[in-house]
1. Would you tally the residues in the stretch 19-30 being more than 27 Å from the chain's Cα centre (by Cα) and surrounded by 15 or more Cβ atoms within 10 Å (Cβ to Cβ)?
2. Of all residues in the stretch 141-183, which are in contact with a helix residue (DSSP H, G or I) (Cβ under 6 Å, 6 or more places away or on another chain) and closer than 19 Å to SER207 by Cβ?
3. Picking from GLY128, GLY169, GLY194, which residue would you name as being closer than 21 Å to ARG85 by Cβ, without any contact (Cβ under 8 Å) to a residue 12 or more places away in the chain and not β-branched (Val, Ile, Thr)?
4. I'm told ASN153 meets every condition in (1) assigned to a loop (DSSP other than H, G, I, E, B); (2) buried (at least 19 other Cβ atoms within 10 Å of the Cβ) except one. Can you identify the failing condition by its number?
5. Among the strands (runs of 3 or more DSSP E) lying completely within the stretch 163-231, list those that include at least 1 residues that are β-branched (Val, Ile, Thr), surrounded by 20 or more Cβ atoms within 10 Å (Cβ to Cβ) and over 20 Å from the mean Cα position of the chain (by Cα).
Amino acid sequence: MQRFLTIIGPLPFMALAILAAGCALGVAIFVLQGLNACIAGVTSWLHYPLLGIVVAASYFAYGLSLLLIAPAINFVLGGRLQPYRGSAVSLAAMRWYVHCTMTLVVRYSFLEFVTPSAFATLYYRLMGMKIGRNVAINSTAIADPSLITMEDNVTIGGSASVLAHYAQGGYLVIAPVKICRGATIGLRAVVMGGVEVGEKAKVLASSFVLPNTKIPAGETWAGIPAQRIELDRSERSQPAHDAADVA
C-alpha cells in the first residue's frame with residue numbers, strides 16, 4: 001500500500017504542472033503560428049535565422065504567460081500558505097504541494113531568464129510574497145513565496161536560498177520568513193523557515209541560517225550554522241563589502 005501511494009501520490013501535482021505549462025504552451029503556439037505566417041514568404045537563407053527568432057519569441061511568450069497562469073492556478077486551488085506543523089501526507093499539507101508545484105514549474109522552465117527583473121518580482125507578488133520597494137532578488141531558489149516577507153531595500157544574492165519550510169522529527173514544518181528593511185542575504189546563503197533577519201543585518205556568502213533563528217538588527221552572521229561575527233572597524237567602514245557579499 002505504501003509503495004502504491006508513493007507511486008500515485010505525485011500524479012495529481014504532475015497533472016497540475018501539465019495544466020499550467022500546457023496553457024502557457026497554448027499561448028506560445030498561437031504566437032508561433034502567427035509569426036511563422038509572417039515569414040512564410042521568405043525563401044532565402046534568411047528564413048532560418050528568422051525561424052529561430054520566431055521559436056525564441058514563442059518560448060518567451062510561454063514563459064511570460066506562465067508567470068501569470070501559475071499564480072492564477074495557485075490562487076484558485078487555495079495554494080496560499082498558512083503556518084503548519086504536521087504530517088507531510090495530510091489534507092492540510094496539500095496546499096503546500098500545490099504551492100510548490102506552481103513555484104517549481106516556473107522556476108525550472110523559465111524564471112532564470114527574467115531574474116532579476118520586474119517580471120520575477122511581479123510573479124513572486126502574485127504568488128503571495130510581500131515585497132517592499134527597491135528589493136533585489138538575484139536568485140530563483142525561493143520556496144514558499146506566500147510566507148516570505150522582504151521589506152524595502154532588501155538584497156538577495158545570487159543562488160541564495162530562502163525557504164519557509166523544513167522537516168523536523170518526521171514532521172513537515174511551514175513557518176514564515178521575514179527579511180527586514182535593508183538586510184542582505186549573501187551569495188549561496190541558505191535561510192530556513194521561521195527565520196527573521198533584522199534591519200540592515202547581513203548573512204554572509206555560503207552561510208546556513210538554521211530554522212527559527214532571529215538575527216538582530218545591524219548584526220553580521222556567517223558560517224554553518226550561521227552565528228554572529230564581529231567585523232573590525234576597517235571592514236565596517238568599507239561599503240564595497242556589501243557588493244562582495246552578494247556578487
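1. Going through the stretch 19-30 one residue at a time, the tally reaches 0.
2. Result: THR155, GLY157, ALA164.
3. GLY169
4. (2)
5. 220-222
All of the numbers you see were taken from the coordinates with simple rules; none came from a lab. Note that the structure is predicted; figures quoted are calculated from it, not measured. Backbone-built Cβ (ideal geometry, glycine too); neighbour counts: all protein chains shown.
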